[in-house]
Amino acid sequence: MIEVENISKAYGETRAVQDVSLSVEAGELFGLIGPDGAGKTTLFKILVTLLLPDAGRATVAGRDVVKDFRALRSMVGYMPGRFSLYPDLSVEENLHFFATVFGTTIAANYNLIREIYVQLEPFKNRRAGALSGGMKQKLALCCALIHKPEVLFLDEPTTGVDAVSRKEFWEMLGSLKKRGLTILVSTPYMDEASLCDRIALMQTGKLLAIDTPSGVEKLFKKPLFAVKANDTYRLIQDLRQAPFTITCYAFGEFLHLTTRDGFSEQQIAHYLAERQHQAVEIRPIEAGIEDSFMDLMQHG
Ligand SMILES: Nc1ncnc2c1ncn2[C@@H]1O[C@H](COP(=O)(O)OP(=O)(O)OP(=O)(O)O)[C@@H](O)[C@H]1O
């Protein structure tokens, strides 16, 4: 459904997207994960025909993003990261506006947005600018869907939205996927990666990995331990200086410690006991998606 072949785009000296290739199957919920500035927005804009690539080619629903841009625009739904709504228009007026631009009506495609729009209906006369973050995001999604696209591009739809709305949003994506829509979604939140069928990890314009969430977890090959003690600040300082440590990061109440091969739990415990750490807990753990990402981002 989406084929990207060696796409590159630079802004002057900044190589925003570098030789990126990926393909997304019809009906897939595909996540593009990466920190700010990774090049996600640039890649999205190329795929929705708003920006020309410097090199490479891409097709969406069988249409070339450069040559067939006119036909493609009515086949894709795009929810940009910012500024997609008209703040002075009401909820209903925004939706009506987007429907009209695509030569359709709210009524014609209401079926596709009903589940989401019912939550907005009580506020349909409110200015979009006066909605909460979560409500704005739902309205922007309705606006991106109102012309019944085949492929949906959502650029950081959950950035700046509260945790409950984020969860609801992913549930909505799940039900849109069930209706057969192909969805490409970008996010800087690694915990959202596990909700996708497949993910691509992007950093400074390059793709570091493309796989299923469990496939990405399996890319992590080093010994990994969860470690805790009563003084977390001192613990992280000491572990980072330890001869066995490769990396040590805070993950909730535990630290995740990656070690060189051949070091045991007992050696770590001994090292911490020598430094008078109290209430020490150490256990080997399986890598999660975030561990894999941190490792890939550090070592490429
Ligand atoms: N119009 C532009 N002119 C110059 N540089 C740009 C322009 N747009 C983006 N960049 C730069 O290109 C790189 C990739 O930006 P892009 O917006 O594609 O990344 P992103 O992953 O979407 O991050 P963000 O979450 O910040 O939007 C960044 O270094 C950014 O500063």
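The values are calculated or read from the model by the stated rules, or taken from the named source; none is laboratory data. Predicted model only: the values in this text are computed from it and were never measured. As a convention, Cβ positions derive from the backbone with ideal geometry for all residues, glycine included, and neighbour counts pool all protein chains shown. The accessibility values were calculated without ligands, DNA or RNA, using every heavy atom of the protein model including side chains. Shrake-Rupley method; radii C 1.70, N 1.55, O 1.52, S 1.80 Å.
Less than 11 Å Cβ to Cβ from residue 19, Lys/Arg counted +1 and Asp/Glu -1: what total charge do the surrounding residues give? For residues surrounding residue 19, the net value is +1. Of all the options 150, 274, 286, the one that moves most in a Gaussian network model of the chain with Cα springs shorter than 10 angstrom is 274. Spin-label model, residue 231 to residue 101: label points 7 Å out along the Cα-to-beta-carbon direction sit 5.8 nm apart. Shown here for the stretch 207-261: trypsin sites (Lys or Arg not before Pro) in loop regions (DSSP other than H, G, I, E, B) with at most 16 other Cβ atoms within 10 Å, namely 221, 260. With the crude spin-label approximation of a point 7 Å out along Cα→Cβ, what separation in nm comes out for residue 278 versus residue 108? Spacing of the two 7 Å Cα→Cβ label points: 7.1 nm. Average accessible surface for the stretch 246-300: 57 Å² per residue, computed with a 1.4 Å probe over protein heavy atoms with every protein chain in place. Helix-only arithmetic for the chain: the sum of -39500 (n - 2.57) across DSSP H runs with n ≥ 4, divided by the residue total, places the mean residue ellipticity at 222 nm at -9500 deg cm²/dmol. Of all lysines in the structure, not one has an alpha carbon short of 20 Å from that of residue 221, not counting any fewer than 8 places away in one chain. Once you have a ≥ b ≥ c as the square roots of the Cα gyration tensor eigenvalues for the chain, tell me rounded if a/c is under 1.5, and otherwise prolate or oblate according to whether a/b is larger than b/c. Prolate is the answer for the chain, as a/c is 1.5 or above and a/b outweighs b/c.
Would you mind working out the accessible area per residue for the stretch 2-211, using a 1.4 Å probe, and quoting it in Å²? Accessible area per residue, the stretch 2-211: 45 Å².
When only the Cβ of Lys, Arg, Asp and Glu is charged (+1, +1, -1, -1), the dipole of the stretch 219-299 relative to its Cα centre reaches about 160 debye. Put simply, the amide H of residue 28, placed in the peptide plane, has neighbours under 5 Å in 183, leaving out anything fewer than 5 places away on its chain. Rounded to the nearest 0.05, the FRET efficiency derived from the C-beta distance between residue 68 and residue 194 at R0 = 35 Å is 0.55.
The share of accessible area on the stretch 25-101 that comes from carbon and sulfur is 55 percent, using a 1.4 angstrom probe.
Here the stretch 2-211 is treated with +1 on each Lys and Arg Cβ and -1 on each Asp and Glu Cβ, and its dipole about the Cα centre works out to around 460 debye.
Here the accessible area is traced with a 1.4 Å probe on the protein chains. For the stretch 219-299, carbon and sulfur cover 49 percent of it. Highest average first, the peptides 122-134, 89-101 ordered by how many other beta carbon atoms sit within 10 Å of their residues are 89-101, 122-134. Just want the answer: with Cβ charges of +1 for Lys and Arg and -1 for Asp and Glu, which residue in 29, 146, 108 is farthest toward the dipole's positive end in the stretch 2-211? Towards the positive end, the residue furthest out is 108. Across the stretch 203-210, rounded Karplus estimates of 3J(HN,Hα) from the backbone phi angles (6.51 cos²θ - 1.76 cosθ + 1.60, θ = phi - 60°) give 8, 5, x, 10, 8, 9, 6, 9 Hz, Gly and Pro being marked x.
Taken as Cα centroids, the stretch 117-191 and the stretch 45-64 sit 23 Å apart, rounded to the nearest whole angstrom. Shape analysis of the stretch 219-299 places it in the prolate category; the axes a ≥ b ≥ c from the Cα gyration tensor give an a/c of at least 1.5, with a/b above b/c.
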